[in-house]
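Peer 1: Handing you this structure, nothing more for now.
Bear in mind these aren't lab numbers, they're just calculated from the coordinates by the rules spelled out. Quick caveat: nothing in here was measured; it's all calculated off a predicted structure. Positions of Cβ are backbone-derived with ideal geometry, glycine not excepted, and every protein chain shown enters the neighbour counts.
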Amino acid sequence: MRVRTTTVAAGLAAVLALAAAGCGSSDGEPASTDSPDAAATGGTLVIWADDKRSAALAPFAEKFGADNGVTVEVQAISKDQQTTFVTASQQGSGPDVMVGAHDWIGNLVQNGAIEPVQLTADQTAGFADVAIQAVTFNGQLYGVPYAMENLALIRNTAFAPDAPATIEELIATGQQLKADGKVSEILCLQVGQNGDAYHLYPLYTSAGGSLFGTTAEGDYDPAQLGVGTPESIAAFEKIATLGEKGAGALKRSITPENSIATFTSGKCAFLVSGPWAITDAKGANIAYDISPVPGFAGGAPAQPFVGVQTFYVAAKGENKALAQEFVANYTTGTDLAVALYEAEPRPPALTAALDQVAGADPDLAKFQQAGQGGAVLPAIPEMAAIWDPFGKAEAAIVGGADVASTMTAAGQTIAEQIK
């Protein structure tokens, strides 16, 4: 048995390099191993994950390898994980197990890259309902969820001891803090030059916007596009009042690269982010608290996306039976869920694991409260057409562009892509 942890660069070059290195082969032969017994019992099980998760997975992969007499390779994919996985799958050089976000599912199914996973009813019942909902596509379970995430409002309590009830109240507080010279930014909600639909979504929904309508069963319906409609235009009219030509709370200069750092350096009292930001806040010794993202006064509640991190079984992996065994019977265990939480504190999807860690981490309950009523991030393939046009429209409007024409054009672009 051998466990090997390596780093794989993103892109096609990396895929071809992996193929040459023997991580998988298109002729059905397993990769070479150090153990004849491993080769005889199924060769190598290859798992792809990002840097943090690959490190946390290593000891569990080692145990799985020992229990099953196989070689396990845990390989770190540094970026562009979904694209790299799809390309590798098409080339016949991908992994047996892939770790990634649940909203990849529609695209991965469409590309024939993953297959349903087999869990018992008891195993399924051990997960949060929203997590199972997120990994269910076309009536089938396409992954095993292990962590949940959603945005919340994180505030520096030295500047803002009380949670604002509305976005208007937040802005008034931020403006006063800025006028007093205590902060340089009103709100750290990342926009950047290309926009960020994920982080804007709570405000967009509070203002009456939507991305897609839903079917009678509650599934997202791409035939009911919500971008470019009168409702989306009205929503962005409200959002524009927060932009660079309005209150100055939303700015293109607040980016994915600097939003958290601006908050942790004390230059901003309010940050809209997820559990991944808490490690930095603790490291900076910021006194903080967590509450739901506030919506517009008189508007609907601000509705964040709920995302789920997931284990997938690769449809074109060399060892699908081993992959199903690992995903069904190792990733559903409490110990692994807790280890992944410790590697990056996001609320575990497994209820027993969440109960185990929640007592020592009150932030988990606060993030869960902030996610109550959140919308499961769409996993339909058509969602891929949303991100870029919506984000660019957002950035343009935050910068002062005409709302009606900008949103109408974005809706037309998206509609053409999803025909």
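Peer 1: Taking 1 over the mean of 1/r across every pair of different Cα atoms in segment 145-238, what Kirkwood radius in Å do you get?
Peer 2: For segment 145-238, inverting the mean 1/r across all distinct Cα pairs yields 15.9 Å.
Peer 1: If you don't mind, there's one more thing I want to ask. Report the relative contact order of the chain, percent, no decimals, based on alpha-carbon pairs under 8 angstrom and at least 6 residues apart.
Peer 2: Computed value for the chain: 24 percent relative contact order.
Peer 1: Just report the Cα centroid separation between segment 140-179 and segment 62-101, whole Å.
Peer 2: 35 Å
Peer 1: Determine the sum of side-chain charges near residue 86: Lys and Arg each +1, Asp and Glu each -1, restricted to other residues whose C-beta is under 13 angstrom from that of residue 86.
Peer 2: Computed value for this residue: 0.
Peer 1: Compute the orientation-averaged projected area for the chain from the convex hull of its Cα atoms and round it to one decimal in nm².
Peer 2: Dividing the Cα hull surface by four gives the mean projection, 20.2 nm².
Peer 1: What residues qualify as long-range amide H neighbours of residue 74, i.e. H under 5 Å apart, gap of 5 or more or another chain, H built at 1.01 Å from N?
Peer 2: 4, 5, 6, 47
Peer 1: Per residue of segment 78-91, what does 6.51 cos²θ - 1.76 cosθ + 1.60 with θ = phi - 60° give for ³J(HN,Hα)? Whole Hz please, x for Gly and Pro, Karplus curve as stated.
Peer 2: Computed from phi, the couplings for segment 78-91 are 6, 7, 6, 4, 5, 4, 4, 5, 4, 4, 4, 4, 5, 8 Hz.
Peer 1: Under 12 Å from the Cβ of residue 162, count the other residues' Cβ atoms, weight Lys and Arg +1, Asp and Glu -1, and hand me the total.
Peer 2: Residues close to residue 162 contribute a combined charge of -1.
Peer 1: What does DSSP give for the chain in terms of the percent of beta bridges that are antiparallel, rounded to the nearest 5?
Peer 2: Here the antiparallel bridges make up roughly 60 percent for the chain.
Peer 1: Considering the Cα trace of segment 210-325, what is its radius of gyration and what is Dmax, both in angstroms?
Peer 2: 19.9, 58
Peer 1: Can you compute 3J(HN,Hα) from phi for each residue in segment 96-105, using the Karplus curve 6.51 cos²θ - 1.76 cosθ + 1.60 with θ = phi - 60°, rounded to whole Hz and x for Gly and Pro?
Peer 2: With coefficients 6.51, -1.76 and 1.60, one gets 8, 10, 10, 10, x, 6, 5, 6, 6, 3 Hz.
Peer 1: Here is a further query. Residue 288's amide H: which non-local residues (gap 5+, or another chain) put their own amide H closer than 5 Å, with H modeled 1.01 Å from N in plane and none for Pro or chain starts?
Peer 2: It is 157, by chain and number.
Peer 1: If you don't mind, another one. Ordered by packing density, taken as the mean number of other Cβ atoms within 10 Å over each peptide's residues, highest first, how do 245-252, 184-191 rank?
Peer 2: 184-191, 245-252
Peer 1: Once amide H atoms are placed 1.01 Å from N in the peptide plane, what residues at a sequence separation of 5 or more from residue 376, or on another chain, have their amide H within under 5 Å of its amide H?
Peer 2: Here the answer is 306, since their amide H atoms fall under 5 Å of that of residue 376.
Peer 1: Here's a follow-up. Any lysines with Cα under 30 Å of the residue 63 Cα? List them, leaving off those in the same chain fewer than 8 positions away.
Peer 2: Partners within reach: 52, 79, 316, 320.
Peer 1: Here is a follow-up. If the cut-off is 19 Å between C-alpha atoms, which lysines fall inside it for residue 267, apart from same-chain ones fewer than 8 positions away?
Peer 2: 178, 182, 251, 282
Peer 1: Something else about it: Can you tell me which of 345-353, 174-182, 159-167 comes out highest on packing, and rank the rest after it, using the mean Cβ neighbours within 10 Å?
Peer 2: 345-353, 159-167, 174-182
Peer 1: Can you list the aspartates and glutamates whose alpha carbon sits under 12 Å from that of residue 392, skipping same-chain ones fewer than 8 residues off?
Peer 2: 196
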